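Below is one structure, written out as structure tokens; comments come after it.
The values are calculated or read from the model by the stated rules, or taken from the named source; none is laboratory data. Computed from a prediction, not measured in an experiment: that's the story for all the values here. All Cβ positions, even for glycine, are placed from backbone atoms using ideal geometry, and neighbour counts span all protein chains on display. Heavy atoms of the whole protein, side chains included, go into the accessibility calculation; ligands, DNA and RNA do not. Shrake-Rupley method; radii C 1.70, N 1.55, O 1.52, S 1.80 Å.
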Amino acid sequence: MKITELEPKLIWECFDEITKVPRPTHHLDKMREFLVDWAGRHGIEVATDEVGNVLMRKPATPGHENAPTVVLQGHQDMVAEKRGDKVHDFLNDPITTIVDGDWVKADGTTLGADNGLGCAAGMAVLMDKTLVHGPIECLFTVDEEQGLIGANGLQPGFVKGTILLNLDSEEHGSLVIGCAGGMVVDCKLPYKGVEAPKGKAYYKVHINHLKGGHSGMEINLGRGNANQQLCRFLWENRDRFGMVLAAIEGGGLANAIPREAWAVVGIEPSQKQEFEEEVKKFSDMLHAEFLLAEGKDFTFDCEPAEAPAEAMDAMLADRLIAAMFSCPNGVQGMSNAVEGLVETSCNLASVKKEDGEIKVTAHVRSSVDSRRDELADRIKALFMMAGATVEFSNGYVGWAPNPESRVLNVAVESFEKLFGKKPKVEALHAGLECGLFLEKMPGMDMISFGPTLKDIHSPSEKANIPSVQAFWKFLCDILETLANEVV
């Protein structure tokens, strides 16, 4: 079955069009062109701003012109992650979608339902002539996944609405009214290369097929961080085998828990069997530790490698491994204000050699801005002791909950009417653009909701089909209720 055969057809048809447009973060020219062209084809008013945000407008249903203007908001970009064995060019190739029972997934890549389905829902509202609604604005922001650039660059007056429905949450039945702020910590160590010692036996040590996932939504699930577990092995065995570190690389995007990492190391040839046994022993230990969080499918192994021409300076290698092994990672504190909410966390996101430096990136989140800044400073202090220069980037503020929100009350009543139960009202540890919108547009009344998505920011990402139907029904009912209000 094709996704265009699913219900509600308008959303899935729009999402199908979106999946054909390459749109990784920071590479959104094709997506912006698609949206502007799509609006033109359907006779919809459209505008763009300096940073690339796209705004579409639809007049109210006749008789509801005096209702408040509602902004439907989603972000254009997707996280570009794929399996290690998957050949896919995110700058040029479309996403291949698969219908599997009650789920839609992709073939070896992220699906892009985050936030493609939110964008598709806005487009469907613009197209549907049967809906009852007040004036509608659809805002499609750029580069939410790294830096929230569209929200940061939004200029006052570009958006006229007073109510905003952020369609970027991942659990049907949850109404989000707050989120954490965040910051990226970039640590750069000057690379010192030396001639690789001859007479060593070289191996590639590899950890692969961890579940990974969203570094905000799934940081509390106890999943393994490939970068840290690899450095744990290297730290514990650095002296035992006369180990030389020739290369190391792991992870990718700041907001994705790293699923794989590898290192090329040299050891004494007389210890090859002992080294291979130690790798197997470490693998068994990881599987015992992470069985419940990761299952059995991940691997930690080694294979012989060709002798490289160059290796890392021994002091650099020791400092790098020590800093990455000891770097704060995972949940660092729980909220005292909201039961069960992660307050502060860190994701040791990536390590790679780039432009003559070893670059390590960590992503810090917290619902308390001062705690976010404290954790970022702790990481800075740690890596400065290792000889790194450290910079903070892509900082964004949190979104403070407003339990007295009018649109929240409308949504709660609508959900109870439609589904016969109360929705969950919560704050998230993940970052959303809403905090920045409040800075740009004080007084904006907003909530966030969406269909059920699983394993976002990973190649296992999937969207629940029945929840998309319920999400559409819910969105339409909220719009109709708001249409009957008078400003």
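Miscellaneous remarks
- Residue check for Ala39: small (Gly, Ala, Ser) and closer than 15 Å to Ala120 by Cα: yes
- Of residues in region 211-222 being assigned to a loop (DSSP other than H, G, I, E, B) and closer than 20 Å to Ala80 by Cα, the one most open to solvent (accessible area, probe 1.4 Å): Lys211
- Count of residues meeting criterion [touching a Ser or Thr at 6+ places or on another chain (Cβ under 6 Å) and within 30 Å of Phe471 (Cβ to Cβ)] in region 173-211: 2
- Of the strands (runs of 3 or more DSSP E) contained entirely in region 1-119, those carrying at least 1 residues that are open to solvent by 10 Å² or more (accessible area, probe 1.4 Å) fall at 45-48, 54-58, 97-100, 103-106.
- Asn336 vs. criteria in contact with a Leu (Cβ under 6 Å, 6 or more places away or on another chain) and open to solvent by 20 Å² or more (accessible area, probe 1.4 Å): no
- Condition met for Val331 (touching a Lys or Arg at 6+ places or on another chain (Cβ under 9 Å) and at pLDDT 95 or above): no
- The residue of region 302-326 that is surrounded by the most Cβ atoms within 10 Å (Cβ to Cβ), among those that are within 30 Å of Ile219 (Cα to Cα) and more than 28 Å from the chain's Cα centre (by Cα), is Ala317.
- Of all residues in region 155-185 being modelled with pLDDT of 95 or more, in a loop (DSSP other than H, G, I, E, B) and of a type in the set (A, V, I, L, M), the one that is surrounded by the fewest Cβ atoms within 10 Å (Cβ to Cβ): Val159
- Test: residue in region 132-150 that is modelled with pLDDT under 95, small (Gly, Ala, Ser) and surrounded by fewer than 23 Cβ atoms within 10 Å (Cβ to Cβ): yes
- Within region 209-226, not a single residue is among the basic types (Lys, Arg) and in contact with a strand residue (DSSP E or B) (Cβ under 8 Å, 6 or more places away or on another chain).
- Inspection of region 131-144 identifies at least one residue that is under 18 Å from the mean Cα position of the chain (by Cα), at positive phi and not small (Gly, Ala, Ser).
- Within region 186-210, the set of residues being assigned to a loop (DSSP other than H, G, I, E, B) and either over 20 Å from Met385 (Cα atoms) or of a type outside the set (Ser, Thr, Tyr) (or both) comprises Lys192, Ala196, Pro197, Lys198, Gly199, Lys200, His209, Leu210.
- Just so you know, in region 249-265 the residues that are within 18 Å of Ala322 (Cα to Cα) and open to solvent by less than 10 Å² (accessible area, probe 1.4 Å) include one that is nearest to the chain's Cα centre (by Cα), and it is Gly250.
- Residue pairs meeting the criteria (Cβ under 7 Å; at least 6 apart or on separate chains; first within 22 Å of Gly250 (Cβ to Cβ), in region 264-289; second part of a helix (DSSP H, G or I) and open to solvent by less than 50 Å² (accessible area, probe 1.4 Å)): Ile267/Phe275; Glu278/Asn237; Phe282/Phe233; Leu286/Gln229
- Hits in region 346-368 (condition: over 23 Å from Leu221 (Cα atoms) and open to solvent by 10 Å² or more (accessible area, probe 1.4 Å)): Lys352, Lys353, Glu354, Asp355, Gly356, Glu357, Lys359
- Arg232 vs. criteria among the charged types (D, E, K, R) and either open to solvent by less than 70 Å² (accessible area, probe 1.4 Å) or touching a strand residue (DSSP E or B) at 6+ places or on another chain (Cβ under 7 Å) (or both): yes
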